[in-house]
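This report refers to the structure that appears directly beneath it.
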Ligand SMILES: *Cc1c(COP(=O)(O)O)cnc(C)c1O
(Lines give C-alpha, C1' and ligand atoms only; values in the text may rest on other atoms or scores of the structure.)
Protein backbone atom coordinates (compact mmCIF):
# COMPACT_ATOMS: atom_id res chain seq x y z
CA UNK A 1 0.00 0.00 0.00
CA UNK A 2 1.44 3.34 -1.03
CA UNK A 3 1.08 6.10 1.55
CA UNK A 4 2.69 8.84 -0.49
CA UNK A 5 0.53 11.92 -0.68
CA UNK A 6 1.87 15.04 -2.32
CA UNK A 7 1.25 17.83 0.16
CA UNK A 8 3.62 20.32 -1.46
CA UNK A 9 1.02 22.46 -3.23
CA UNK A 10 -0.84 23.00 0.02
CA UNK A 11 2.14 23.61 2.27
CA UNK A 12 3.61 26.04 -0.28
CA UNK A 13 0.38 27.96 -0.44
CA UNK A 14 0.06 28.02 3.34
CA UNK A 15 3.63 29.34 3.64
CA UNK A 16 2.75 32.14 1.25
CA UNK A 17 -0.30 33.04 3.32
CA UNK A 18 1.80 33.06 6.50
CA UNK A 19 4.44 35.25 4.87
CA UNK A 20 1.78 37.79 3.96
CA UNK A 21 0.16 37.64 7.42
CA UNK A 22 -3.00 36.33 5.79
CA UNK A 23 -2.93 32.86 7.33
CA UNK A 24 -6.11 32.14 9.27
CA UNK A 25 -7.10 29.91 12.13
CA UNK A 26 -10.44 29.53 13.86
CA UNK A 27 -10.42 30.69 17.48
CA UNK A 28 -12.30 28.39 19.84
CA UNK A 29 -15.01 30.08 21.84
CA UNK A 30 -16.87 28.54 24.74
CA UNK A 31 -19.69 29.36 27.11
CA UNK A 32 -23.04 30.92 26.33
CA UNK A 33 -22.71 33.80 23.87
CA UNK A 34 -23.15 37.03 25.79
CA UNK A 35 -21.22 40.22 26.52
CA UNK A 36 -18.44 38.06 27.85
CA UNK A 37 -17.02 35.01 26.18
CA UNK A 38 -14.09 32.62 26.46
CA UNK A 39 -11.74 32.75 23.50
CA UNK A 40 -9.04 30.09 23.37
CA UNK A 41 -9.41 29.85 27.14
CA UNK A 42 -9.14 33.62 27.79
CA UNK A 43 -12.13 35.25 29.45
CA UNK A 44 -12.90 38.42 27.47
CA UNK A 45 -15.50 41.03 26.75
CA UNK A 46 -17.05 40.09 23.45
CA UNK A 47 -16.76 42.77 20.77
CA UNK A 48 -16.64 40.35 17.85
CA UNK A 49 -20.01 38.65 17.57
CA UNK A 50 -23.05 39.86 15.65
CA UNK A 51 -25.36 39.05 18.55
CA UNK A 52 -26.29 42.75 18.69
CA UNK A 53 -29.41 42.38 20.81
CA UNK A 54 -28.00 39.68 23.05
CA UNK A 55 -30.64 37.17 21.99
CA UNK A 56 -28.48 34.13 21.20
CA UNK A 57 -28.64 32.95 24.82
CA UNK A 58 -32.10 34.28 25.66
CA UNK A 59 -33.99 31.64 27.72
CA UNK A 60 -37.26 31.97 25.77
CA UNK A 61 -35.45 31.48 22.48
CA UNK A 62 -33.49 28.51 23.78
CA UNK A 63 -36.77 27.05 25.03
CA UNK A 64 -38.40 27.52 21.62
CA UNK A 65 -35.44 25.64 20.17
CA UNK A 66 -35.82 22.77 22.62
CA UNK A 67 -39.59 22.52 22.11
CA UNK A 68 -39.12 22.64 18.34
CA UNK A 69 -36.70 19.72 18.54
CA UNK A 70 -39.04 17.69 20.75
CA UNK A 71 -41.99 18.34 18.52
CA UNK A 72 -40.44 18.05 15.07
CA UNK A 73 -37.16 16.20 15.58
CA UNK A 74 -33.53 17.09 15.20
CA UNK A 75 -33.42 17.41 11.43
CA UNK A 76 -35.70 18.35 8.58
CA UNK A 77 -34.75 15.20 6.60
CA UNK A 78 -34.96 16.67 3.09
CA UNK A 79 -34.99 19.70 0.84
CA UNK A 80 -37.95 21.98 1.30
CA UNK A 81 -39.27 20.99 -2.13
CA UNK A 82 -39.14 17.29 -1.31
CA UNK A 83 -40.19 16.53 2.27
CA UNK A 84 -38.37 19.01 4.49
CA UNK A 85 -40.82 21.90 4.49
CA UNK A 86 -42.49 21.84 7.90
CA UNK A 87 -45.26 23.86 9.48
CA UNK A 88 -42.57 25.81 11.30
CA UNK A 89 -41.03 26.98 8.02
CA UNK A 90 -44.40 28.17 6.76
CA UNK A 91 -45.13 29.93 10.02
CA UNK A 92 -41.76 31.68 10.01
CA UNK A 93 -42.24 32.92 6.44
CA UNK A 94 -45.76 34.13 7.14
CA UNK A 95 -44.48 36.04 10.15
CA UNK A 96 -41.61 37.61 8.21
CA UNK A 97 -43.91 38.74 5.37
CA UNK A 98 -46.33 40.33 7.84
CA UNK A 99 -43.52 41.97 9.79
CA UNK A 100 -41.82 43.30 6.67
CA UNK A 101 -45.08 44.35 5.00
CA UNK A 102 -44.37 42.29 1.88
CA UNK A 103 -46.64 39.86 0.05
CA UNK A 104 -44.45 36.91 0.83
CA UNK A 105 -41.13 35.72 2.22
CA UNK A 106 -38.86 32.72 1.69
CA UNK A 107 -36.52 31.32 4.34
CA UNK A 108 -33.05 30.03 3.49
CA UNK A 109 -30.59 27.97 5.50
CA UNK A 110 -28.08 30.83 5.59
CA UNK A 111 -27.52 34.35 4.35
CA UNK A 112 -24.76 33.13 2.07
CA UNK A 113 -27.21 30.77 0.41
CA UNK A 114 -29.91 33.43 0.29
CA UNK A 115 -27.69 35.89 -1.57
CA UNK A 116 -26.40 33.30 -4.01
CA UNK A 117 -29.94 31.98 -4.55
CA UNK A 118 -31.59 35.37 -5.02
CA UNK A 119 -29.00 36.74 -7.44
CA UNK A 120 -28.87 33.62 -9.57
CA UNK A 121 -32.67 33.32 -9.64
CA UNK A 122 -33.28 36.95 -10.60
CA UNK A 123 -30.57 37.36 -13.21
CA UNK A 124 -28.82 35.45 -15.99
CA UNK A 125 -26.41 36.08 -18.84
CA UNK A 126 -28.68 38.66 -20.52
CA UNK A 127 -28.74 40.86 -17.42
CA UNK A 128 -26.72 43.50 -15.62
CA UNK A 129 -25.97 43.57 -11.89
CA UNK A 130 -24.72 46.87 -10.46
CA UNK A 131 -22.93 46.23 -7.17
CA UNK A 132 -21.17 48.31 -4.47
CA UNK A 133 -17.47 47.47 -4.25
CA UNK A 134 -17.72 46.68 -0.55
CA UNK A 135 -20.62 44.24 -0.86
CA UNK A 136 -20.27 40.99 1.09
CA UNK A 137 -18.53 37.93 -0.38
CA UNK A 138 -21.87 36.11 -0.65
CA UNK A 139 -23.16 38.87 -2.95
CA UNK A 140 -19.97 38.72 -5.00
CA UNK A 141 -20.32 34.96 -5.34
CA UNK A 142 -23.98 35.30 -6.29
CA UNK A 143 -23.00 37.81 -8.98
CA UNK A 144 -20.38 35.42 -10.34
CA UNK A 145 -22.68 32.41 -10.36
CA UNK A 146 -25.50 34.34 -12.02
CA UNK A 147 -23.41 34.78 -15.21
CA UNK A 148 -24.84 38.29 -15.50
CA UNK A 149 -22.57 41.15 -16.47
CA UNK A 150 -21.40 42.71 -13.21
CA UNK A 151 -20.58 46.41 -12.93
CA UNK A 152 -18.98 47.45 -9.63
CA UNK A 153 -19.16 51.04 -8.39
CA UNK A 154 -16.89 52.69 -5.80
CA UNK A 155 -18.33 52.41 -2.29
CA UNK A 156 -21.53 54.51 -2.02
CA UNK A 157 -20.64 56.53 -5.15
CA UNK A 158 -24.17 57.11 -6.40
CA UNK A 159 -23.16 59.20 -9.42
CA UNK A 160 -21.08 56.35 -10.70
CA UNK A 161 -23.86 53.93 -9.80
CA UNK A 162 -26.37 55.92 -11.82
CA UNK A 163 -24.03 55.93 -14.85
CA UNK A 164 -23.73 52.16 -14.66
CA UNK A 165 -27.46 51.57 -14.24
CA UNK A 166 -27.99 53.19 -17.63
CA UNK A 167 -26.12 50.38 -19.41
CA UNK A 168 -27.98 49.45 -22.57
CA UNK A 169 -29.13 46.21 -24.13
CA UNK A 170 -29.83 44.22 -20.98
CA UNK A 171 -32.99 42.27 -20.26
CA UNK A 172 -32.96 43.35 -16.59
CA UNK A 173 -30.82 45.55 -14.42
CA UNK A 174 -30.48 44.81 -10.71
CA UNK A 175 -28.79 47.08 -8.19
CA UNK A 176 -27.55 45.31 -5.07
CA UNK A 177 -26.27 46.88 -1.87
CA UNK A 178 -25.93 46.18 1.81
CA UNK A 179 -27.98 48.47 4.00
CA UNK A 180 -25.41 48.54 6.82
CA UNK A 181 -21.98 47.55 5.57
CA UNK A 182 -20.62 44.62 7.51
CA UNK A 183 -17.00 45.68 7.84
CA UNK A 184 -17.38 49.49 7.90
CA UNK A 185 -20.69 50.12 9.60
CA UNK A 186 -21.72 52.65 6.94
CA UNK A 187 -25.41 52.99 6.23
CA UNK A 188 -26.59 53.17 2.62
CA UNK A 189 -28.57 56.20 1.44
CA UNK A 190 -31.39 53.92 0.35
CA UNK A 191 -33.85 56.69 -0.51
CA UNK A 192 -31.46 58.05 -3.12
CA UNK A 193 -30.51 54.60 -4.36
CA UNK A 194 -34.15 53.62 -4.68
CA UNK A 195 -34.97 56.83 -6.58
CA UNK A 196 -32.17 56.12 -9.08
CA UNK A 197 -33.48 52.59 -9.58
CA UNK A 198 -37.00 53.90 -10.17
CA UNK A 199 -35.74 56.50 -12.61
CA UNK A 200 -34.05 53.91 -14.77
CA UNK A 201 -36.33 50.93 -14.29
CA UNK A 202 -33.76 48.91 -12.33
CA UNK A 203 -34.63 46.39 -9.63
CA UNK A 204 -33.26 46.98 -6.14
CA UNK A 205 -32.00 44.28 -3.79
CA UNK A 206 -30.98 45.23 -0.26
CA UNK A 207 -28.98 43.02 2.10
CA UNK A 208 -30.13 43.82 5.64
CA UNK A 209 -27.83 41.29 7.36
CA UNK A 210 -26.56 43.83 9.89
CA UNK A 211 -29.69 45.99 10.10
CA UNK A 212 -32.39 43.36 10.68
CA UNK A 213 -33.60 43.70 14.25
CA UNK A 214 -31.46 46.77 14.81
CA UNK A 215 -33.06 49.58 12.79
CA UNK A 216 -36.59 50.53 11.83
CA UNK A 217 -39.93 50.11 13.53
CA UNK A 218 -40.10 46.71 15.22
CA UNK A 219 -36.58 46.13 13.97
CA UNK A 220 -37.69 45.74 10.37
CA UNK A 221 -34.40 47.11 9.12
CA UNK A 222 -32.75 50.14 7.60
CA UNK A 223 -34.88 50.17 4.42
CA UNK A 224 -37.98 50.43 6.55
CA UNK A 225 -36.43 53.21 8.63
CA UNK A 226 -35.68 55.07 5.38
CA UNK A 227 -39.22 54.51 4.14
CA UNK A 228 -37.97 52.47 1.20
CA UNK A 229 -39.49 49.25 -0.13
CA UNK A 230 -36.88 47.47 -2.27
CA UNK A 231 -38.00 44.86 -4.82
CA UNK A 232 -36.31 42.30 -2.66
CA UNK A 233 -34.74 42.45 0.77
CA UNK A 234 -32.77 39.76 2.44
CA UNK A 235 -31.68 39.54 6.02
CA UNK A 236 -30.10 36.96 8.23
CA UNK A 237 -31.42 35.23 11.31
CA UNK A 238 -27.95 34.53 12.67
CA UNK A 239 -26.95 38.05 13.65
CA UNK A 240 -29.22 40.32 15.72
CA UNK A 241 -31.89 37.60 15.60
CA UNK A 242 -29.45 35.36 17.47
CA UNK A 243 -30.31 32.05 15.78
CA UNK A 244 -29.45 30.88 12.25
CA UNK A 245 -30.76 31.13 8.72
CA UNK A 246 -31.93 33.94 6.45
CA UNK A 247 -34.90 35.25 4.56
CA UNK A 248 -35.88 36.97 1.36
CA UNK A 249 -38.97 39.17 1.35
CA UNK A 250 -40.79 40.69 -1.62
CA UNK A 251 -43.66 40.18 -4.03
CA UNK A 252 -45.36 36.82 -4.28
CA UNK A 253 -44.32 36.11 -7.89
CA UNK A 254 -40.71 36.93 -7.07
CA UNK A 255 -40.80 34.61 -4.06
CA UNK A 256 -42.23 31.89 -6.33
CA UNK A 257 -39.33 32.48 -8.71
CA UNK A 258 -36.97 31.81 -5.80
CA UNK A 259 -38.76 28.57 -4.99
CA UNK A 260 -38.50 27.55 -8.63
CA UNK A 261 -35.05 28.80 -9.49
CA UNK A 262 -32.85 29.36 -6.44
CA UNK A 263 -30.60 26.32 -6.47
CA UNK A 264 -29.20 27.11 -3.01
CA UNK A 265 -32.75 26.67 -1.71
CA UNK A 266 -33.80 23.74 -3.88
CA UNK A 267 -30.69 21.60 -3.55
CA UNK A 268 -30.03 21.78 0.15
CA UNK A 269 -31.61 20.15 3.18
CA UNK A 270 -34.11 22.48 4.86
CA UNK A 271 -33.10 24.18 8.10
CA UNK A 272 -33.84 22.04 11.17
CA UNK A 273 -37.33 22.87 12.54
CA UNK A 274 -35.84 23.65 15.97
CA UNK A 275 -33.73 26.41 14.44
CA UNK A 276 -36.77 27.73 12.62
CA UNK A 277 -38.89 27.69 15.81
CA UNK A 278 -36.21 29.58 17.71
CA UNK A 279 -35.86 32.14 14.91
CA UNK A 280 -39.60 32.76 15.02
CA UNK A 281 -39.51 33.21 18.80
CA UNK A 282 -36.62 35.66 18.40
CA UNK A 283 -38.42 37.68 15.72
CA UNK A 284 -41.49 37.92 17.94
CA UNK A 285 -39.31 39.25 20.71
CA UNK A 286 -37.56 41.66 18.34
CA UNK A 287 -40.86 43.15 17.20
CA UNK A 288 -42.11 43.54 20.79
CA UNK A 289 -41.46 46.25 23.37
CA UNK A 290 -38.59 44.21 24.72
CA UNK A 291 -37.00 44.43 21.27
CA UNK A 292 -37.56 48.19 21.33
CA UNK A 293 -35.78 48.42 24.69
CA UNK A 294 -32.82 46.43 23.40
CA UNK A 295 -32.58 48.55 20.24
CA UNK A 296 -32.58 51.69 22.38
CA UNK A 297 -29.82 50.25 24.60
CA UNK A 298 -27.74 49.38 21.54
CA UNK A 299 -28.18 52.86 20.11
CA UNK A 300 -27.21 54.35 23.47
CA UNK A 301 -24.08 52.18 23.46
CA UNK A 302 -23.17 53.36 19.96
CA UNK A 303 -23.39 56.97 21.12
CA UNK A 304 -21.42 56.30 24.31
CA UNK A 305 -18.72 54.34 22.45
CA UNK A 306 -18.39 57.20 20.00
CA UNK A 307 -17.92 59.66 22.86
CA UNK A 308 -15.29 57.45 24.48
CA UNK A 309 -13.42 56.98 21.20
CA UNK A 310 -12.86 60.72 20.99
CA UNK A 311 -10.11 60.27 23.59
CA UNK A 312 -8.12 58.38 20.94
CA UNK A 313 -6.15 61.00 19.00
CA UNK A 314 -7.03 61.27 15.32
CA UNK A 315 -8.91 58.03 15.31
CA UNK A 316 -12.17 56.33 14.81
CA UNK A 317 -15.80 57.13 15.17
CA UNK A 318 -18.73 54.82 15.66
CA UNK A 319 -21.07 55.37 12.72
CA UNK A 320 -23.22 52.45 13.83
CA UNK A 321 -22.99 49.37 16.04
CA UNK A 322 -20.15 48.16 13.77
CA UNK A 323 -16.97 50.09 14.57
CA UNK A 324 -13.87 49.51 12.46
CA UNK A 325 -10.50 50.71 13.74
CA UNK A 326 -8.40 50.93 10.60
CA UNK A 327 -4.76 50.01 11.08
CA UNK A 328 -3.82 49.28 7.46
CA UNK A 329 -1.32 46.52 7.77
CA UNK A 330 -2.32 42.88 8.40
CA UNK A 331 0.54 42.10 10.78
CA UNK A 332 -0.32 45.15 12.83
CA UNK A 333 -4.00 44.21 12.95
CA UNK A 334 -3.08 40.73 14.20
CA UNK A 335 -0.71 42.09 16.86
CA UNK A 336 -3.27 44.57 18.09
CA UNK A 337 -6.06 42.03 18.20
CA UNK A 338 -3.80 39.77 20.28
CA UNK A 339 -2.91 42.64 22.60
CA UNK A 340 -6.62 43.44 23.08
CA UNK A 341 -7.41 39.83 23.88
CA UNK A 342 -4.62 39.74 26.44
CA UNK A 343 -6.20 42.85 27.93
CA UNK A 344 -9.56 41.02 28.13
CA UNK A 345 -11.23 42.45 25.01
CA UNK A 346 -12.07 40.30 21.99
CA UNK A 347 -11.96 42.39 18.80
CA UNK A 348 -11.12 40.38 15.71
CA UNK A 349 -8.52 41.43 13.17
CA UNK A 350 -10.16 41.69 9.76
CA UNK A 351 -7.81 41.28 6.81
CA UNK A 352 -7.74 40.85 3.07
CA UNK A 353 -9.71 39.41 1.28
CA UNK A 354 -12.54 40.17 3.71
CA UNK A 355 -11.58 43.84 3.29
CA UNK A 356 -9.49 45.46 0.50
CA UNK A 357 -5.72 45.10 0.77
CA UNK A 358 -4.09 47.79 2.92
CA UNK A 359 -7.26 48.35 4.96
CA UNK A 360 -6.82 45.73 7.69
CA UNK A 361 -8.63 46.65 10.84
CA UNK A 362 -9.87 45.69 14.26
CA UNK A 363 -13.61 45.45 14.16
CA UNK A 364 -15.62 46.18 17.31
CA UNK A 365 -19.25 45.14 17.30
CA UNK A 366 -21.51 46.48 20.03
CA UNK A 367 -24.27 44.72 21.91
CA UNK A 368 -27.32 46.02 23.75
CA UNK A 369 -26.04 44.28 26.88
CA UNK A 370 -22.60 45.93 26.98
CA UNK A 371 -22.34 48.17 30.02
CA UNK A 372 -20.69 51.57 30.12
CA UNK A 373 -17.82 49.96 32.02
CA UNK A 374 -17.43 47.38 29.21
CA UNK A 375 -17.18 50.16 26.63
CA UNK A 376 -14.68 52.07 28.79
CA UNK A 377 -12.55 48.99 29.16
CA UNK A 378 -12.64 48.35 25.40
CA UNK A 379 -11.46 51.86 24.64
CA UNK A 380 -8.71 51.79 27.26
CA UNK A 381 -7.43 48.40 26.08
CA UNK A 382 -7.56 49.64 22.49
CA UNK A 383 -5.59 52.73 23.48
CA UNK A 384 -2.89 50.60 25.11
CA UNK A 385 -2.71 48.40 22.00
CA UNK A 386 -2.37 51.48 19.79
CA UNK A 387 0.31 52.99 22.06
CA UNK A 388 2.36 49.80 21.84
CA UNK A 389 2.32 50.21 18.07
CA UNK A 390 3.62 53.77 17.93
CA UNK A 391 7.35 53.83 17.15
C1 LIG B 1 -23.13 37.56 7.40
C2 LIG B 1 -23.56 38.14 6.12
C3 LIG B 1 -24.18 37.34 5.14
C4 LIG B 1 -24.25 35.85 5.28
O5 LIG B 1 -25.16 35.44 6.24
P6 LIG B 1 -24.98 34.00 6.93
O7 LIG B 1 -26.31 33.70 7.48
O8 LIG B 1 -23.93 34.18 7.96
O9 LIG B 1 -24.55 33.05 5.86
C10 LIG B 1 -24.66 37.96 4.02
N11 LIG B 1 -24.53 39.29 3.84
C12 LIG B 1 -23.91 40.07 4.73
C13 LIG B 1 -23.78 41.53 4.47
C14 LIG B 1 -23.40 39.52 5.89
O15 LIG B 1 -22.74 40.27 6.77
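The values are calculated or read from the model by the stated rules, or taken from the named source; none is laboratory data. Computed from a predicted model, the values in this text were never measured in an experiment. Virtual Cβ from ideal backbone geometry, glycine too; neighbours counted across all protein chains shown.
If we scan the stretch 338-361, do we find a residue that is surrounded by fewer than 20 Cβ atoms within 10 Å (Cβ to Cβ), over 21 Å from the mean Cα position of the chain (by Cα), within 23 Å of residue 179 (Cβ to Cβ) and at pLDDT 95 or above?
Checked the stretch 338-361: no residue is surrounded by fewer than 20 Cβ atoms within 10 Å (Cβ to Cβ), over 21 Å from the mean Cα position of the chain (by Cα), within 23 Å of residue 179 (Cβ to Cβ) and at pLDDT 95 or above.
Just to check your reading of the model, which residue among 134, 156 is part of a loop (DSSP other than H, G, I, E, B), surrounded by fewer than 23 Cβ atoms within 10 Å (Cβ to Cβ), in the same structural domain as residue 223 (by TED's automatic domain parsing) and within 11 Å of the ligand (Cβ to nearest atom)?
134
Scan 227, 238, 213, 242 and give me the residue that is within 30 Å of residue 301 (Cα to Cα), more than 16 Å from the ligand (Cβ to nearest atom) and either touching a helix residue (DSSP H, G or I) at 6+ places or on another chain (Cβ under 9 Å) or assigned to a helix (DSSP H, G or I) (or both).
Result: 227 is the single residue among 227, 238, 213, 242 that is within 30 Å of residue 301 (Cα to Cα), more than 16 Å from the ligand (Cβ to nearest atom) and either touching a helix residue (DSSP H, G or I) at 6+ places or on another chain (Cβ under 9 Å) or assigned to a helix (DSSP H, G or I) (or both).
Going residue by residue through the stretch 284-301, is there one that turns out to be more than 17 Å from residue 210 (Cα to Cα), in a helix (DSSP H, G or I) and within 21 Å of the chain's Cα centre (by Cα)?
yes
Answer yes if at least one residue in the stretch 234-255 is without any contact (Cβ under 8 Å) to a residue 40 or more places away in the chain, closer than 28 Å to residue 202 by Cα and assigned by TED's automatic domain parsing to the domain that holds residue 174, and no otherwise.
Yes, the stretch 234-255 has at least one match.
Take the stretch 179-195 and flag every residue that is farther than 20 Å from residue 99 by Cα and either crowded, with 19+ Cβ neighbours inside 10 Å or within 16 Å of the ligand (Cβ to nearest atom) (or both).
181, 182, 183, 184, 185, 186, 187, 188, 193, 194
Evaluate the stretch 264-276: report whether one residue or more is away from the ligand (no atom under 16 Å from the Cβ) and surrounded by fewer than 23 Cβ atoms within 10 Å (Cβ to Cβ).
Yes, some residue in the stretch 264-276 is away from the ligand (no atom under 16 Å from the Cβ) and surrounded by fewer than 23 Cβ atoms within 10 Å (Cβ to Cβ).
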